1. Any residue at all in the range 30-37 that is without any contact (Cβ under 8 Å) to a residue 60 or more places away in the chain, polar (S, T, N, Q), part of a strand (DSSP E or B) and in contact with a strand residue (DSSP E or B) (Cβ under 7 Å, 6 or more places away or on another chain)?
2. Among (1) surrounded by 15 or more Cβ atoms within 10 Å (Cβ to Cβ); (2) over 11 Å from the mean Cα position of the chain (by Cα); (3) among the hydroxyl-bearing types (Ser, Thr, Tyr), where does residue 12 come up short?
3. Have a look at 92, 53 and point out the one that is open to solvent by 70 Å² or more (accessible area, probe 1.4 Å), without any contact (Cβ under 8 Å) to a residue 40 or more places away in the chain, within 24 Å of residue 136 (Cβ to Cβ) and among the acidic types (Asp, Glu).
4. Kindly evaluate residue 99 against the criterion of being open to solvent by 50 Å² or more (accessible area, probe 1.4 Å), of a type in the set (D, E, K, R) and in contact with a strand residue (DSSP E or B) (Cβ under 8 Å, 6 or more places away or on another chain).
5. Residues in the range 56-80 that are open to solvent by 30 Å² or more (accessible area, probe 1.4 Å), among the small types (Gly, Ala, Ser) and in contact (Cβ under 8 Å) with a residue 24 or more places away in the chain: how many?
6. Among 73, 69, which is part of a strand (DSSP E or B) and out of contact with any helix residue (DSSP H, G or I) (no Cβ under 7 Å at 6 or more places or on another chain)?
7. Can you spot a residue in the range 53-61 that is of a type in the set (S, T, N, Q) and in contact with a Lys or Arg (Cβ under 8 Å, 6 or more places away or on another chain)?
Amino acid sequence: MGISLQNYHTRTLVFILALVVLAVITAIISGNILITNHKGKIQEAISRQLDQEVSIEKIGFRLPNSIVLKNVLVLQASQASDRVFFSVQRIEAKLSLGRLLKKKDVVLTDISISGFRIEYLKAADFLNKNFNRILKLLRSLPKTKKFGIHLRHSKAVSYTHLRAHETSLH
């Protein structure tokens, strides 16, 4: 009787573990479908916030609470073919899961930026024209010790390099 009870507990534990794995996979797939369906809206919201056209190649959801943007380009509002003035290979924005679930409110708790490239003269012009807007955005970010913005592998690059990068993405 002891062996059959042990087998029962083992099977129950395996079943519960399989349910947990299935729930995690379902959450990942659902989150990615949801976030991918809203890519255009997210791109538009970022463009409005920056008052610049923004192009996002790929967007995804990562458990438990992160949105990942890949190959993000910020473009100048001009007719020229060389409009990219900065690009980012990867942005991971972590959200407050509690606020999202309780109040359906999106609150950033951390931002990690990797592979940041900037065309210096265009970026300087952007900063001069948008300094107050940038300050307003920075003031709107959470004011807690837990919030952080992390830059990794960032460097200024030439105009020609960004132009070649833009061409390769399109």
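1. Taking every residue of the range 30-37 in turn, none turns out to be without any contact (Cβ under 8 Å) to a residue 60 or more places away in the chain, polar (S, T, N, Q), part of a strand (DSSP E or B) and in contact with a strand residue (DSSP E or B) (Cβ under 7 Å, 6 or more places away or on another chain).
2. (1)
3. Every option except 53 fails the conditions.
4. In short, no.
5. Residues meeting the conditions: 1.
6. One residue alone meets the criteria, 69.
7. no
The values are calculated or read from the model by the stated rules, or taken from the named source; none is laboratory data. If you're wondering where the values come from, they're calculated on a predicted model, not measured in any experiment. In this analysis, Cβ positions are derived from the backbone assuming ideal geometry, glycine residues included, and neighbour counts consider all displayed protein chains. Ligands, DNA and RNA are stripped out before the accessible areas are found, and what is left, the full protein with its side chains, is counted by its heavy atoms. Shrake-Rupley method; radii C 1.70, N 1.55, O 1.52, S 1.80 Å.
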